[in-house]
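J.: Below is one structure. I have some questions about it.
The values are calculated or read from the model by the stated rules, or taken from the named source; none is laboratory data. Since we're looking at a predicted model, the values are computed, not measured. Please note: Cβ atoms are built from the backbone with ideal geometry, for glycine as well, and neighbour counts cover all protein chains shown.
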């Protein structure tokens, strides 16, 4: 029995859980293949997940020529990549948000980022609901205990607390996406907090994408003014929760 528990802790997913996750991966892969096959014949060696601002600028320069003529394919391809990254907690979505601003401008770029980020967060939420419990307990035991306690304390005004978490960098978004179903955050609360709470940070990032060539590092996105503004919005969103506790 001890040997089986050890095997479970070293690789916390069962065969069926791995199969479920693999099915999602294959689905995304087929979708991206469909986009690729409907694009014109060309050299697509530039297509890769950007890891640096230089990678992102190269990707922007190449995609600008396709966006006007193949807008639907670019939108679908962009959305699927963003959702895939959110679903499987792959870092780099900040570069994708910058790319949305560079390709589509502020308003369209914001709408695209909020849509893709919300869809990806929802996909991660439901995937975690199926297979996430052992992973969360394995990767973030202390954060999970803290999150669980805070959610239990603020159950009556949970939307305000979730908005606060989305707006401010108190907890990583990837953790919130994956841990929320484990601590029994209702999906409608999770969804509303995600849609509304991601707007301020999406605006900051997408707007910065318009001046992509002027950025020296990702750290330039969030100066003191931007961070202070996000925290102010977060405090405003959580104030009803604090007032409710005082009133009781």
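J.: Looking only at the range 33-56, which residues are touching a helix residue (DSSP H, G or I) at 6+ places or on another chain (Cβ under 6 Å) and at pLDDT 85 or above?
T.: In the first step, residues of the range 33-56 are kept if they are touching a helix residue (DSSP H, G or I) at 6+ places or on another chain (Cβ under 6 Å); the result is 35, 38-39, 46, 50, 56.
Those that are touching a helix residue (DSSP H, G or I) at 6+ places or on another chain (Cβ under 6 Å) and at pLDDT 85 or above: 50, 56.
Rundown of residues vs (1) under 22 Å from residue 130 (Cβ atoms); (2) in a loop (DSSP other than H, G, I, E, B); (3) in contact with a helix residue (DSSP H, G or I) (Cβ under 9 Å, 6 or more places away or on another chain), yes/no style:
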site	(1), (2), (3)
58	no, no, no
69	no, yes, no
74	no, no, yes
83	yes, no, yes
89	yes, yes, yes
96	no, no, yes
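J.: Could you run through the range 56-74 and say how many residues are exposed (fewer than 15 other Cβ atoms within 10 Å of the Cβ) and either within 15 Å of residue 108 (Cβ to Cβ) or touching a strand residue (DSSP E or B) at 6+ places or on another chain (Cβ under 6 Å) (or both)?
T.: 4
J.: Could you tell me whether the range 205-214 includes any residue that is at pLDDT below 90, outside any helix (DSSP H, G or I), crowded, with 17+ Cβ neighbours inside 10 Å and within 21 Å of the chain's Cα centre (by Cα)?
T.: No; the residues of the range 205-214 include none that is at pLDDT below 90, outside any helix (DSSP H, G or I), crowded, with 17+ Cβ neighbours inside 10 Å and within 21 Å of the chain's Cα centre (by Cα).
J.: For the subset of the range 182-194 comprising residues that are outside any loop (DSSP other than H, G, I, E, B) and free of Cβ contacts under 8 Å to residues at least 60 places away in the same chain, which member is surrounded by the most Cβ atoms within 10 Å (Cβ to Cβ)? Quick ask: steps written out before the conclusion?
T.: Within the range 182-194, the first condition is being outside any loop (DSSP other than H, G, I, E, B), and the residues that meet it are 187-194.
Going one step further and asking which of them are free of Cβ contacts under 8 Å to residues at least 60 places away in the same chain, we end up with 188-189, 192-193.
Details: 188: 9, 189: 17, 192: 16, 193: 25.
Applying the filter and picking the extreme gives 193.
J.: Determine which member of the set 101, 109, 120 is assigned to a helix (DSSP H, G or I), within 10 Å of the chain's Cα centre (by Cα) and surrounded by 16 or more Cβ atoms within 10 Å (Cβ to Cβ).
T.: 120
J.: So in the range 31-55, with the set limited to residues that are more than 21 Å from the chain's Cα centre (by Cα) and closer than 16 Å to residue 83 by Cβ, which one is surrounded by the most Cβ atoms within 10 Å (Cβ to Cβ)? Step through it out loud before you land on a result.
T.: Step one: of the range 31-55, the residues more than 21 Å from the chain's Cα centre (by Cα) are 33-46, 54.
Next cut, closer than 16 Å to residue 83 by Cβ only: 33-35.
On the way: 33: 10, 34: 13, 35: 19.
The residue in question is 35.
J.: Tally time: how many residues in the range 150-181 are buried (at least 21 other Cβ atoms within 10 Å of the Cβ), more than 15 Å from the chain's Cα centre (by Cα) and closer than 20 Å to residue 135 by Cα?
T.: 1
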